[in-house]
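Worksheet: one structure, shown below.
The values are calculated or read from the model by the stated rules, or taken from the named source; none is laboratory data. It should be emphasised that the depicted structure is a prediction, and the values quoted were computed from it without experimental measurement. FYI the Cβ positions are ideal-geometry reconstructions off the backbone, even for glycines, and counts take in every protein chain you see. Keep in mind that these areas ignore ligands, DNA and RNA; they rest on the heavy atoms of the full protein, side chains included. Shrake-Rupley method; radii C 1.70, N 1.55, O 1.52, S 1.80 Å.
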Amino acid sequence: MEKAVSTLMNQEILGEFLRRFGLEKEVKKLGDFENYVYETYKNGQPYIMRLTHSSHRDMDEVLSELDWMRHLKSKGLSVPEVFQSEDGNFAEEIKAADDSSFYGCVYTKAKGKAVSVRSDDFNEALFKKWGETTGKMHLATKSYEPSRGIKERSNWDDDDLLSIEKYYPAEDGQLVEKANEVIAMISELPKNKDNYGIIHTDIHSGNFFYDGEQIHVFDFDDASYHWFASDIAIPLYYSILYRIPASEEAERNRFGNLFLDAFIEGYQKANSLPDGWEEQVPLFLMLRDIVLYAVLHKKIAPEDRDEKLKRMMVEIAERIRNKQPIVKLD
């Protein structure tokens with residue numbers, strides 16, 4: 001979390017959100033990278049409460065996310081149920097000391113458990129189920145229309161992080177140039193209801209739990225109108241990034257193709273593949289490098305970056321400079 005935001009967050013704000021949603025005072029902090037996320041409790045049952053600062057999302061964006069989640073839930077997807085506050089609101093607003101705002105919402109805690117990329121459960125059976133779940137989400141989103149009073153979710157290129165000159169090092173003009181070339185190529189891709197709609201955009205292994213049979217997806221904060229192929233590229237990207245060092249290029253390529261074959265097999269059980277996905281996936285792998293490089297510069301000050309993160313950022317920059325995706329696909 002940016003330091004300017006962390007100075008505004010305090011126990012008084014947290015306590016007021018707990019009160020508004022009728023939750024107990026005990027909390028367990030789960031994360032604070034882009035949002036504050038807590039495990040909370042009511043009558044001994046766990047819930048997830050997320051607090052979003054207005055510098056990250058506005059109220060309309062929060063409500064549009066929750067509306068889409070409720071649509072997916074109505075179509076039988078295993079996504080968190082969204083709860084109303086004591087006053088019947090799906091999201092509540094509390095002003096901070098500088099007159100900015102925090103927005104709070106509460107969900108069910110997902111079933112299952114996290115799967116480490118280095119565990120025995122991180123295997124082809126999981127990759128197939130991952131693909132099937134993604135295919136089901138894309139099929140469900142084709143019938144989505146925002147509810148009355150809900151503002152339409154943003155498009156992929158509305159993302160502030162694509163204003164890369166704002167976040168990339170000023171001295172590296174070549175990096176900015178190459179990143180903008182990739183963004184321009186993606187902007188020219190065709191759109192239709194079978195290849196473009198609201199997607200999760202971040203279905204990596206840290207954003208779902210697995211119970212051995214079913215994947216339970218959460219963290220819909222980055223959902224936007226995007227090409228479906230991006231939701232195929234992102235699981236592949238992070239599975240490689242977190243599992244295999246950049247020095248092991250051949251292993252990255254071997255594993256990447258194995259992963260994608262299994263993922264696609266699962267996807268096709270639930271939905272037809274979007275036209276052009278094979279040509280588009282490498283572009284979206286490059287786009288994820290571009291966005292991740294921006295977010296790391298935005299969220300983590302240079303003095304807070306450890307050596308591992310610095311190495312990763314150097315590797316990402318090199319791929320952007322060469323317009324090279326993280327993996328070579330057959």
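A compact table of results
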| item | result |
| --- | --- |
| Selection within the stretch 287-330 - in a helix (DSSP H, G or I), without any contact (Cβ under 8 Å) to a residue 60 or more places away in the chain and acidic (Asp, Glu) | ASP289, GLU303, ASP304, GLU307, GLU318 |
| Scan of the stretch 193-247 for residues that are over 18 Å from LEU126 (Cα atoms), of a type in the set (Ser, Thr, Tyr) and part of a strand (DSSP E or B), ordered by number | TYR196, SER224, TYR225 |
| Residue count, the stretch 108-124 (criterion: open to solvent by 20 Å² or more (accessible area, probe 1.4 Å) and within 28 Å of GLU65 (Cβ to Cβ)) | 8 |
| Criterion violated by SER54 - all others in (1) loosely packed, with under 15 Cβ neighbours inside 10 Å; (2) of a type in the set (Gly, Ala, Ser); (3) within 23 Å of LEU30 (Cβ to Cβ) satisfied | (1) |
| The stretch 281-298, residues that are farther than 16 Å from LYS178 by Cβ and either β-branched (Val, Ile, Thr) or open to solvent by 70 Å² or more (accessible area, probe 1.4 Å) (or both) | VAL281, VAL295 |
| In the stretch 272-330, the residues that are of a type in the set (S, T, N, Q) and touching a Phe, Trp or Tyr at 6+ places or on another chain (Cβ under 9 Å) | GLN280 |
| Count of the stretch 220-260 residues which are free of Cβ contacts under 8 Å to residues at least 24 places away in the same chain and within 28 Å of GLU81 (Cβ to Cβ) | 1 |
| Scope the stretch 125-178; condition open to solvent by less than 60 Å² (accessible area, probe 1.4 Å), assigned to a loop (DSSP other than H, G, I, E, B) and of a type in the set (A, V, I, L, M, F, W, C); matching residues | ILE150 |
| Total residues in the stretch 72-106, condition open to solvent by less than 30 Å² (accessible area, probe 1.4 Å) and outside any loop (DSSP other than H, G, I, E, B) | 10 |
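Results for (1) open to solvent by less than 20 Å² (accessible area, probe 1.4 Å); (2) closer than 17 Å to ILE203 by Cα; (3) charged (D, E, K, R), shown as yes or no for each residue.
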{"site": "SER239", "(1), (2), (3)": "yes, yes, no"}
{"site": "ALA250", "(1), (2), (3)": "no, no, no"}
{"site": "GLY256", "(1), (2), (3)": "yes, yes, no"}
{"site": "ALA262", "(1), (2), (3)": "yes, yes, no"}
{"site": "GLN268", "(1), (2), (3)": "no, no, no"}
{"site": "PRO274", "(1), (2), (3)": "yes, no, no"}
{"site": "GLU278", "(1), (2), (3)": "no, no, yes"}
{"site": "ILE300", "(1), (2), (3)": "no, no, no"}
{"site": "ASP304", "(1), (2), (3)": "no, no, yes"}
